[in-house]
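Report on one structure; see the data block that follows.
The values are calculated or read from the model by the stated rules, or taken from the named source; none is laboratory data. Every value quoted in this text rests on a predicted model; they were computed, and no experiment measured them. Using ideal geometry, Cβ is built from the backbone for each residue, glycine included, and neighbour counts are taken over all protein chains shown. In case anyone asks, the SASA skips ligands and DNA or RNA and just uses the protein heavy atoms, side chains included. Shrake-Rupley method; radii C 1.70, N 1.55, O 1.52, S 1.80 Å.
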Amino acid sequence: MRAFTYQRAESPQEAAAAVAARPDARFIAGGTNLLDLMKVDVERPGHLVDISRLGLDQINATPEGGLRIGAFFRNTDLASHPQVRRDYAVLSRALLAGASGQLRNMATTGGNLLQRSRCPYFYDTAMPCNKRAPGSGCAALEGFSRNLAILGVSNQCISQHPSDMAVAMRLLDAVVETVDADGTRRDIPIADFHRLPGETPHIETVLNHGELITAVRLPAPLGGHHSYRKVRDRASYAFASVSVAMVRGDGVQRIAFGGIGTKPWRVEAAEALSSPDAIADQVLADARPTDENRFKLALVRRTLTAALADHPAGEGTR
Ligand SMILES: Cc1cc2nc3c(=O)[nH]c(=O)nc-3n(C[C@H](O)[C@H](O)[C@H](O)COP(=O)(O)OP(=O)(O)OC[C@H]3O[C@@H](n4cnc5c(N)ncnc54)[C@H](O)[C@@H]3O)c2cc1C
Ligand code: SF4
């Protein structure tokens with residue numbers, strides 16, 4: 001690992017200013033992704049700004065009847081929070097489907113949203129990868145792409161978004177709150193937060209350098225029955241090949257997908273449909289699979305069919 005300096009910030013704005021001041025500075029939250037990437041020389045920060053003491057580890061009710069989750073609220077605590085389990089069960093289930101108990105004890109809400117690619121070439125500094133080294137090429141296009149994306153891909157990158165939590169956040173229409181170095185605050189709808197790779201796959205979100213996530217806000221509960229169905233190569237401790245987050249019942253039907261998109265994937269127009277095939281046809285209309293991950297087309301249909309069968313429309317229990 002390369003040498004770096006370390007700073008513990010005392011306020012969100014101070015943290016934002018400290019990172020904004022240096023192009024090579026990064027925030028460090030739980031460190032479960034950033035430190036791994038530093039060890040394999042993919043991330044090379046010269047300065048780390050620790051955001052663990054900024055009071056971002058709280059969760060509170062909002063005046064609108066929703067929840068405001070601090071960016072440093074740990075994944076374990078979020079999954080087990082009584083109100084999350086009761087009113088946002090899809091979020092609790094998505095979190096518990098990810099990583100391991102030890103990792104979730106460290107991982108944070110903000111860090112989870114910003115976790116980076118799990119494409120094998122992103123980790124291999126001997127291989128071309130536009131996300132890691134812009135302009136170097138994409139080894140996955142002609143290489144190992146079994147678990148990569150089929151939707152939102154470009155000729156520059158086909159990496160899938162790896163987060164389970166973010167899929168549930170997309171389903172729930174979460175809003176990401178930020179602050180920057182001069183104290184300016186932004187509310188970013190989660191639908192707009194992650195970017196498609198296009199020509200610039202190394203730019204993954206709409207955040208500016210030094211812009212700190214302070215919280216993620218959930219609107220008032222939707223009701224309905226919540227589920228998160230994740231299909232993967234191993235029964236645990238593996239990223240999704242396909243996942244389906246669903247809220248159904250009480251007059252609501254929402255569906256979001258993980259493992260198939262370059263960002264958490266949701267096609268609102270398809271949510272008005274009822275048959276699994278009709279929904280899948282619409283969701284997959286623009287799919288661009290590789291020969292290796294073409295199996296995801298059928299897997300999406302099967303996972304969606306199973307998820308819909310679990311929760312017939314009209315049932316409102318969670
Ligand atoms: C073996 C393994 C298996 C895993 N399996 C899964 C899985 O199945 N599903 C899944 O969803 N995830 C999985 N993960 C990923 C895990 O969920 C993430 O590593 C974790 O959520 C990252 O959170 P963190 O707080 O540790 O982030 P860090 O590693 O501290 O930070 C990640 C990035 O976010 C930035 N950052 C952090 N907080 C903020 C903030 N508040 N504002 C702005 N920038 C910020 C950092 O600068 C860094 O670039 C796995 C990880 C490992 C190591
Ligand atoms: S798919 Fe994306 S992350 Fe993977 S090698 Fe290509 S550019 Fe890199």
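Give the Kirkwood hydrodynamic radius (Å, one decimal) of segment 1-41, defined as one over the mean of 1/r across all pairs of different Cα atoms. Let's see the in-between values first.
Working: mean 1/r = 0.0888 Å⁻¹.
Evaluated over segment 1-41, this radius sits at 11.3 Å.
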Distance between modelled label sites at residue 310 and residue 275, nm, 7 Å Cα→Cβ extension: 2.4 nm
Spin-label zone in segment 107-143 - amide nitrogen under 16 Å from a point set 7 Å from the Cα of residue 291 along the C-beta vector: 140-143
FRET efficiency, residue 199 to residue 80 (Cβ-Cβ, R0 45 Å, nearest 0.05): 0.60
Computed E for residue 35/residue 237 - FRET, C-beta separation, R0 22 angstrom, nearest 0.05: 0.75
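For segment 225-311, what is the Kirkwood estimate of the hydrodynamic radius, computed as the reciprocal of the mean inverse distance between distinct Cα atoms, to one decimal in Å? Present the calculation step by step, with values, prior to reporting the outcome.
On the way: mean 1/r = 0.0759 Å⁻¹.
So the Kirkwood estimate lands at 13.2 Å.
Only sites in a loop by DSSP and with at most 13 other Cβ atoms within 10 Å count here; which trypsin sites (Lys or Arg not before Pro) in segment 1-104 make the cut?
Within segment 1-104, the qualifying trypsin sites (Lys or Arg not before Pro) (loop, at most 13 other Cβ atoms within 10 Å) are 2, 53.
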Cut-off 17 Å, label 7 Å out along Cα→Cβ of residue 64, residues of segment 220-263 by amide N: 220-223
Beta bridges by DSSP in the chain, antiparallel share as percent, to the nearest 5: 80 percent
Estimated FRET transfer efficiency (residue 47, residue 124; beta-carbon r; R0 25 Å; 0.05): 0.45
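State to the nearest 20 debye the size of the charge dipole of the chain about its Cα centre, where the only charges are +1 on K and R beta carbons and -1 on D and E beta carbons.
Details: 37 positive and 34 negative charges, 151 e Å.
Computed charge dipole of the chain: roughly 720 debye.
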Rule-of-thumb Rg ratio for segment 122-223 [Cα; 2.2 N^0.38 Å; N residues]: 1.25
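Calculate for the chain the 222 nm mean residue ellipticity that helices alone would give, adding -39,500 (n - 2.57) per DSSP H run of length 4 or more and normalising by residue count, nearest 500 deg cm²/dmol. Mind dumping the intermediate values first?
Details: 12 runs with 85 residues, N = 318.
Rounded to the nearest 500, the figure is -6500 deg cm²/dmol.
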Net length gained if the chain between residue 298 and residue 144 were fully extended (0.36 nm per residue, minus Cα distance): 53.5 nm
Bins of 5 Å, starting at 0 and running to the largest distance - Cα pair percent for segment 1-145: 2, 9, 15, 17, 17, 15, 13, 8, 4, 1, 0
Average Cα contact separation per residue, segment 163-311, under 8 Å, 6 or more apart, as relative contact order %: 21 percent
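Quick check: at a probe of 1.4 Å, how many percent of the accessible area of segment 118-179 sits on carbon and sulfur atoms? List each step's numbers first, then the result.
Details: 1010 of 1990 Å².
Carbon plus sulfur share of accessible area: 51 percent.
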Segment 76-176: translational diffusion in µm²/s, Stokes-Einstein, Kirkwood Rh over Cα pairs, 25 °C, 0.890 mPa s: 162 µm²/s
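Could you report the chain's accessible area per residue, 1.4 Å probe, as an integer in Å²?
Numbers: 13530 Å² over 318 residues.
Ligands and nucleic acids excluded, the result is 43 Å² per residue.
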Residue 305 - accessible surface, heavy atoms, 1.4 Å probe, Å² rounded to 10: 60 Å²
